[in-house]
Structure formats: structure tokens, C-alpha cells
Amino acid sequence: MADWWLRAWRKVPKQHKKGFNSLVMLGAWIIWKHRNTCVFDGLAPCLQVALQAYKDELQLWIAAGAKGLKALRVQQIE
């Protein structure tokens, strides 16, 4: 993943690099949390649950002042 992240990061315009990094870290965090819920609470993996958690957490990060994310004007995941 680190190789992909670096290659993708190099293609991102300078003014959006912080926001891009935040999106990638948020995605990894949500996958990790969802995985832990599945392993430790016995729930089945569910893409819709993970995507909703991503959207919810994204809004919280923006509300908390993640300027890089706000600057990206992140599109809603449908």
C-alpha cells in the first residue's frame, strides 16, 4: 500500500496533498475498525457498513477542522 500511496501522492496537485493523505489514512482507519468489529464481535464483513462509517467519519473530520479534506470538496459516495 505504501508504494501505491507514494505513486498516487506524486500525481496529486500540491494544494491537495494534505487532503489526499487524510483520505487515505481515513480509509485505512475505517478498514481496520471494520475488520476488528468482524473479528472480535463476530459480525460479517459488509461493504455498505464500511462505506457509511467512512462517510460519517469524513464529516466528523471536516467538522473537527481537517482543512485539507474540506479543501478537496469531497464528493459524496453514492
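Derivation of every value follows stated rules applied to the coordinates shown; laboratory data play no part. Small disclaimer: the values here were computed from a predicted structure and weren't measured. Please note: Cβ atoms are built from the backbone with ideal geometry, for glycine as well, and neighbour counts cover all protein chains shown.
Here is how the numbers come out for the structure above:
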quantity	calculated
For the stretch 2-72: relative contact order, % (alpha-carbon pairs under 8 angstrom, 6 or more apart)	44 percent
FRET E, pair residue 17, residue 64, Förster distance 22 Å, beta-carbon r, rounded to 0.05	0.70
Dipole of the stretch 2-72, positive end: most advanced residue of 5, 42, 61 [Cβ charges, Cα centre]	5
Per-selection Rg to Rh, the chain - Cα, Kirkwood hydrodynamic radius	1.01
About the Cα centre, charge dipole magnitude for the stretch 2-72 (Lys/Arg +1, Asp/Glu -1 at Cβ), debye	540 debye
